[in-house]
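Have a look at the structure below, then the notes.
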């Protein structure tokens, strides 16, 4: 990296060796177990980009799903879960995670017990999200906003936009119930919008806090959703990963096979109920718009980045999950070319699984500060 102050630094006399060692010791950053931040900027002659990479180990401290599931509490919150509770080889309560019905009822119980959700359901064949990981994304995004101020961000005033809200409405549910955010959720699938709307209407804690908007043009992401007078503190998105329906079907079948293999390793019997195998993508859950798009994740986030430029002054932080690590670097390079002022890459690891999201803002520190002061 070039340094604009290079010549000025050369003009300074050399310090003594002892002084250099002392300064070096002072300059060493403290090691933080779960956080690694790395800053960099553009070479001289180009606009500076504030880039920070952060690594997080384990679920966020505010995530209520740290540790094992409390099945006693979950069954009390959702009695339908009781028939699905089994013992693992260690004698601990669990469920058969390869059984879609068991996973769906577990989600209902988790949402009832920890988020105050009285009604939750999704149509058959739609994605049933793993709530702990989904919640962690929201907690990390909240942490991103907190980093803009001393103390805590004014979360009760936050306006958030979820791209691809899905039938499950999970990100708005977590954002509203845990932080008091006001959420707008968009989707190209009318059935997803209808399902999410039903969830909102049947839960007092969500009413008046979540608005659902259908994206009528599947070639657009933000266009048609963000209106001229809209201002969003943050956007969220879990983009489709696969390039085709066939890839999605194969990926879903692999997930099913891996789940069953893990069950066998743990000494649990895979579900005995017959399962249709002609459409593995549907068995695992997920509609076309949820699972795949032309060009896959790389094409989707590339389009997302390009479109975001048109709304640079209307969104404080854009964010998106990125499943494939190889897609992060090209995304960063593209964002730099588009003129963003700040980029964050946040890696979240839970055991052997690593997920990540990229956040970007077209505002520098002073502009972001002014945005916050006007709230």
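Conditions: (1) under 30 Å from residue 159 (Cα atoms); (2) modelled with pLDDT under 55. Residue 263 meets all but one. Number of the miss?
Single failed check for residue 263: (1).
Quick check on my filter: what residues within region 158-187 are in contact with a strand residue (DSSP E or B) (Cβ under 9 Å, 6 or more places away or on another chain) and either assigned to a loop (DSSP other than H, G, I, E, B) or at positive phi (or both)?
158, 164, 165, 166, 167, 169, 181, listed by residue number.
From 307, 294, which residue is outside any helix (DSSP H, G or I) and either out of contact with any strand residue (DSSP E or B) (no Cβ under 9 Å at 6 or more places or on another chain) or surrounded by fewer than 21 Cβ atoms within 10 Å (Cβ to Cβ) (or both)?
Numbers: 307 fails: outside any helix (DSSP H, G or I).
Selected residue: 294, the only one of 307, 294 that is outside any helix (DSSP H, G or I) and either out of contact with any strand residue (DSSP E or B) (no Cβ under 9 Å at 6 or more places or on another chain) or surrounded by fewer than 21 Cβ atoms within 10 Å (Cβ to Cβ) (or both).
Could you please let me know if residue 355 is at pLDDT below 95, assigned to a strand (DSSP E or B) and under 21 Å from the mean Cα position of the chain (by Cα)?
yes
Against the condition within 23 Å of the chain's Cα centre (by Cα) and surrounded by fewer than 20 Cβ atoms within 10 Å (Cβ to Cβ), how does residue 204 come out, does it pass?
Against the criterion (within 23 Å of the chain's Cα centre (by Cα) and surrounded by fewer than 20 Cβ atoms within 10 Å (Cβ to Cβ)), residue 204 does not qualify.
Give region 50-89 a look and list any residue that's closer than 30 Å to residue 317 by Cα and in contact with a helix residue (DSSP H, G or I) (Cβ under 6 Å, 6 or more places away or on another chain), or say none.
The answer is 59, 60, 62, 63, 64, 65.
Quick one: how many residues across region 188-234 are in contact with a strand residue (DSSP E or B) (Cβ under 6 Å, 6 or more places away or on another chain), in a helix (DSSP H, G or I) and under 27 Å from residue 143 (Cβ atoms)?
2
Give just the number: which of (1) assigned to a helix (DSSP H, G or I); (2) touching a residue at least 40 places away in the same chain (Cβ under 8 Å); (3) in contact with a strand residue (DSSP E or B) (Cβ under 9 Å, 6 or more places away or on another chain) does residue 331 not satisfy?
Only one criterion in (1) assigned to a helix (DSSP H, G or I); (2) touching a residue at least 40 places away in the same chain (Cβ under 8 Å); (3) in contact with a strand residue (DSSP E or B) (Cβ under 9 Å, 6 or more places away or on another chain) is unmet by residue 331, namely (2).
Considering 316, 282, 338, which residue is over 21 Å from the mean Cα position of the chain (by Cα) and either modelled with pLDDT under 95 or closer than 27 Å to residue 132 by Cβ (or both)?
Result of the check over 316, 282, 338: 282.
Let's see how each residue does on (1) on the phi > 0 side of the Ramachandran plot; (2) crowded, with 19+ Cβ neighbours inside 10 Å; (3) more than 23 Å from the chain's Cα centre (by Cα); (4) touching a residue at least 12 places away in the same chain (Cβ under 8 Å):
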site	(1), (2), (3), (4)
91	yes, no, yes, no
106	no, yes, no, yes
117	no, yes, no, yes
123	no, no, no, yes
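Out of 3, 63, which single residue is in a loop (DSSP other than H, G, I, E, B) and modelled with pLDDT of 95 or more?
The conditions single out 63.
Need at least 3 residues that are over 22 Å from residue 176 (Cβ atoms), touching a strand residue (DSSP E or B) at 6+ places or on another chain (Cβ under 8 Å) and modelled with pLDDT of 95 or more per element, so show me which helices (runs of 4 or more DSSP H) inside region 71-157 make the cut, counting only ones lying wholly within it.
Once the helices (runs of 4 or more DSSP H) in region 71-157 are filtered for at least 3 residues that are over 22 Å from residue 176 (Cβ atoms), touching a strand residue (DSSP E or B) at 6+ places or on another chain (Cβ under 8 Å) and modelled with pLDDT of 95 or more, nothing remains.
The values are calculated or read from the model by the stated rules, or taken from the named source; none is laboratory data. None of the values given here were measured: they were computed from a predicted structure. Cβ: placed from backbone, ideal geometry, glycine included. Neighbour counts: every protein chain shown.
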